[in-house]
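Asker: Structure in C-alpha cells, see below.
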Amino acid sequence: MVNFKMQKFVIITSGRSGSYHLVDLLSSHKNIVCFGELFNKRGIGFWDEKLNSSEEILLFRNKNPIKFLNKVILRDYPKEKEIFGFKLLYSQIQKPILKYLKKKKWKVIHLKRRNLLKQFISNKKAIVMNKWSDYNNDDIQIYNKIKINVNSTQFLKKCKSILKSQKKIDKIFKSNQLMEVFYENLCIDSETEMRKIQEFLEVKYKKLKPKQKKINKVKISETILNYTELKKQFIKTKYNIFFED
C-alpha cells in the first residue's frame, strides 16, 4: 500500500555529479528514506539484496514502472520516516515516470556539476576501475593515479547532452517545487547546502556526515595526458572555464 502521508522527492541528475554522496547524506537522516537508482538497468538501488537481483521484480519494474513505485517501493515504513526519495539519472528517464512525478507534485532536487570536464574525467576513471561507488582507501589511491587521454569530440558531445538534459528538466518541473543544487557547493560547504536541502524537504534539521570520502584530489592538468592540446581546442569556446583547477 502506498504511504500517501510521506513527503516525496526525487534527485534528478547525471552520472558522476556527486549523487552517490548526496544520497549517502540524506539516507543517514533518521526521518528520511532515500534510495539510489531504482531504474538502473543493471539492478535496483534498494536495500533489499534479494529484491535488487530478482529477475521477476526487474521485469515487473521495466514493464510497469509506476506500479513498481507504488506497489513495491512506496510501502509502509516506520513512523519516524517522514520523507521518501530516490535518484533518477537523465539516462534512466522515461516519459511515464516524468509524467507521474509531475502530476503527483514530487519535489525535485536537480543536482548539477558545474565543471563538466571533471565530471567527464570521473566517469572515465570509474570505467577504468569498473567501480562507481564504495571506494576504500586502496581504491582511492588507485583512482588518483589513473591518467587518461580525453577525446575532444566525445567530451563535447557529452557536454551538449548534459546541458540539454538540464534545460529539459528545469522546463518540465518549473511548476513543481524544484531546488537546484551544485556538487561544488556540497564540497565547499556541505553543512550549509544540507541545511538548505533539509529546509526544502521540510524535515527537521540534522547535521549529516557522509560515509564515503572525497576521492579525487588530483588536478585535471595532471590527470589528462593530452591536457595542453585539449585546452587549446576549447580556449575560444564557452567550455574553456572547465579547464580551471
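Values in this text are rule-based calculations from the coordinates and carry no lab data. Model, not experiment: these values are computed from the prediction. Using ideal geometry, Cβ is built from the backbone for each residue, glycine included, and neighbour counts are taken over all protein chains shown.
Asker: Quick check on the stretch 145-205: take the gyration tensor over C-alpha atoms, sort the square-rooted eigenvalues as a ≥ b ≥ c, and tell me if it's rounded (a/c under 1.5), prolate or oblate. Before the final figure, lay out the partial values.
Answerer: Details: a/c = 4.98, a/b = 1.49, b/c = 3.36.
It is oblate, given that a/c is not under 1.5 and a/b is not larger than b/c.
Asker: Can you compute the modelled spin-label distance between Ile142 and Arg42, with each label point 7 Å from Cα toward Cβ, in nm?
Answerer: 1.4
Asker: Which residue, Leu178, Leu117, Leu59, tops the fluctuation ranking in a GNM of the chain built on C-alpha contacts under 10 Å?
Answerer: Leu59
Asker: Determine the distance separating the Cα centre of the stretch 104-173 from the Cα centre of the stretch 19-69; give it in Å without decimals.
Answerer: 20
Asker: Ok, one more. Against the 2.2 N^0.38 Å scaling, with N counting residues, where does the stretch 138-245 land? I'd like the Cα-based Rg ratio to two decimal places.
Answerer: 1.36
Asker: Translational diffusion coefficient, Stokes-Einstein: compute it for the stretch 92-186 using the Kirkwood radius over C-alpha pairs as Rh, at 4 °C and 1.567 mPa s, and state it as an integer in µm² s⁻¹.
Answerer: On the way: Rh = 15.6 Å.
D = 83 µm²/s.
Asker: Can you give the Rg and Dmax of the stretch 1-110 based on its C-alpha atoms, in angstrom?
Answerer: Cα radius of gyration and Dmax of the stretch 1-110 are 13.1, 34 Å respectively.
Asker: For the chain, take the longest principal axis of its alpha carbons; what is the angle in degrees between that and the long axis of helix 116-129, to the nearest 10 within 0 to 90?
Answerer: Roughly 80 degrees, rounded to the nearest 10.
Asker: For the chain, what is the mean residue ellipticity at 222 nm derived from helices alone (per DSSP H run of n ≥ 4: -39500 (n - 2.57); sum divided by total residues; nearest 500 deg cm²/dmol)?
Answerer: It lands at -12500 deg cm²/dmol.
Asker: Then there's this: For Lys30, what is the net charge nearby, where nearby means another residue's Cβ is under 14 Å from its Cβ and Lys, Arg count +1, Asp, Glu -1? If you can, show how the numbers build up before the last one.
Answerer: On the way: positive: Lys79, Lys81, Lys204, Lys206, Lys207, Lys209; negative: Glu80, Glu82.
Local charge sum for Lys30: +4.
Asker: Between helix 190-201 and the chain, what is the angle of the helix's C-alpha long axis to the longest principal axis, kept within 0 to 90° and rounded to the nearest 10?
Answerer: For 190-201 against the chain, the angle is about 30 degrees.
Asker: I need the per residue convex hull volume for the stretch 1-66, using only the alpha carbons, in cubic angstrom as a whole number. Please list the in-between numbers first.
Answerer: Details: hull volume 7.7 nm³, N = 66.
Normalising the Cα hull of the stretch 1-66 by residue number yields 117 Å³.
Asker: Sticking with this structure for a sec: What list of ³J(HN,Hα) values in whole Hz, one per residue of the stretch 203-209 in order, does the Karplus curve 6.51 cos²θ - 1.76 cosθ + 1.60 (θ = phi - 60°) give from phi, with Gly and Pro shown as x?
Answerer: 10, 4, 5, 9, 6, 10, 10
Asker: Oh, and also: Where does each of 226-233, 181-188, 109-116 land if you order them by average Cβ count within 10 Å, highest first?
Answerer: Numbers: 226-233: 14.2, 181-188: 17.1, 109-116: 20.1.
Result, highest mean first: 109-116, 181-188, 226-233.
Asker: Mind checking the angle between helix 152-172 and the chain's longest principal axis? C-alpha axes, 0 to 90 degrees, to the nearest 10.
Answerer: Here the helix axis deviates by roughly 30 degrees.
Asker: Output the direction-averaged projected area (hull surface divided by four) of the convex hull of the alpha-carbon atoms of the stretch 7-243, in nm². Display every interim value, and only then the final one.
Answerer: On the way: hull surface 53.9 nm².
Mean projected area for the stretch 7-243: 13.5 nm², to one decimal.
Asker: Which of these, Ser221, Ser122, Ser14, has the largest mean-square fluctuation under a Gaussian network model of the chain (Cα springs below 10 Å)?
Answerer: Answer for the Gaussian network model of the chain: Ser221.
Asker: Lys174: net charge of surrounding residues, Cβ under 14 Å, Lys/Arg +1, Asp/Glu -1, itself excluded? Intermediate results must be reported in sequence, preceding the final value.
Answerer: On the way: positive: Lys102, Lys105, Lys107, Lys167, Lys168, Lys171; negative: Asp170, Glu180.
Taking every Cβ under 14 Å from that of Lys174, the sum is +4.
Asker: Report, by chain and number, residues whose modeled amide H sits under 5 Å from the one on Lys8, excluding near sequence neighbours (fewer than 5 apart, same chain).
Answerer: Phe84, Lys107
Asker: What are the semi-axes of the equivalent ellipsoid of the stretch 200-245, taken as the square roots of 5 times the eigenvalues of the Cα gyration tensor, listed largest first and rounded to whole Å?
Answerer: 36, 17, 6
Asker: So how do 98-105, 27-34, 49-56 stack up, highest first, on mean other-Cβ count within 10 Å?
Answerer: Values: 98-105: 14.2, 27-34: 18.0, 49-56: 11.8.
The most tightly packed comes first, giving 27-34, 98-105, 49-56.
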